[in-house]
Structure formats: structure tokens, C-alpha cells
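Everything below concerns the one structure shown next.
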Amino acid sequence: MEIQGIVVNPGIVSGRVVILPETIEMAELKKIDSVMNRGNILVAKNATPKLIVLYKKAGAMVVEQGGLLSHAVKISRELKIPCVIGVAKATEILQTGDLVEVDANEGTVRILDK
């Protein structure tokens, strides 16, 4: 299965998905950070500044919302992380642990293994 979005920072990366909750408290953020591996693919409804510790470990970002001036765009370019935004229902279609390929040259996210 493949889902589509808008390319904001190019690159092709494969990795395991980590779904981020829509709202996240510091205790939950620390818990996710402690189990997240470098290169995991972060999938979120929206990117926020308090998630910077996770972005620094991410292999790529997949974000449902946001435009070309959104936080996801700025952070992905600054950290040189492949990023696709506007990926409708990404947090519903993908699950934590799924193996995906993010092709941020074409704007696609392909599920390799559930």
C-alpha cells in the first residue's frame, strides 16, 4: 500500500514507524524518546516545537497537516531529514512498528511490512 503527500525535504529512507499522539505531555514524550531508535520514521498529525528531541533521531517525518511554512518544513530542512506533509490519514493507516519506505523525492510512503 502507498499513500501520497507533498515533498518538503527530499530523500529516500526506510525504517520503522513511530506514531506520535496528537497531544503529548512531557512524561509521554520522555517515554517515547527512551524507546525510539535512531532512524525511526516519525508520523504525526502535526509537528510541534516540543518534539525536537524526537526529530533529531528521526530518519524521516510524515505529517498529516501543515503547509509550506509549517514547523515540519522548517525543522526537516534544518535537520536535513526527508519529510512529506499533507499525507491524509497517515496516523490511521500506519501503525507503530510498521516498516515503511518514505520517498520524499516523489512524496510517497509505502508500507513494506505490517
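The values are calculated or read from the model by the stated rules, or taken from the named source; none is laboratory data. Everything numeric here is computed off the predicted structure, so don't read it as measured data. With ideal geometry, Cβ positions are generated from the backbone for all residues, glycine too; neighbour counts draw on all protein chains shown.
Scan the stretch 61-96 residue by residue and report those that are touching an Asp or Glu at 6+ places or on another chain (Cβ under 9 Å) and under 19 Å from Arg38 (Cβ atoms).
If the condition is that a residue be touching an Asp or Glu at 6+ places or on another chain (Cβ under 9 Å) and under 19 Å from Arg38 (Cβ atoms), then Pro82 is the only one that fits.
Of the numbered conditions (1) touching a Lys or Arg at 6+ places or on another chain (Cβ under 9 Å); (2) without any contact (Cβ under 8 Å) to a residue 24 or more places away in the chain; (3) of a type outside the set (Phe, Trp, Tyr), Gly66 satisfies every one except a single condition; which is it?
(1)
Just need a number here: residues in the stretch 23-41 that are free of Cβ contacts under 8 Å to residues at least 40 places away in the same chain and either assigned to a loop (DSSP other than H, G, I, E, B) or crowded, with 16+ Cβ neighbours inside 10 Å (or both).
Of the residues in the stretch 23-41, 10 are free of Cβ contacts under 8 Å to residues at least 40 places away in the same chain and either assigned to a loop (DSSP other than H, G, I, E, B) or crowded, with 16+ Cβ neighbours inside 10 Å (or both).
Might you let me know whether the stretch 42-49 holds any residue that is touching a Ser or Thr at 6+ places or on another chain (Cβ under 6 Å), assigned to a loop (DSSP other than H, G, I, E, B) and either basic (Lys, Arg) or at pLDDT 95 or above (or both)?
yes
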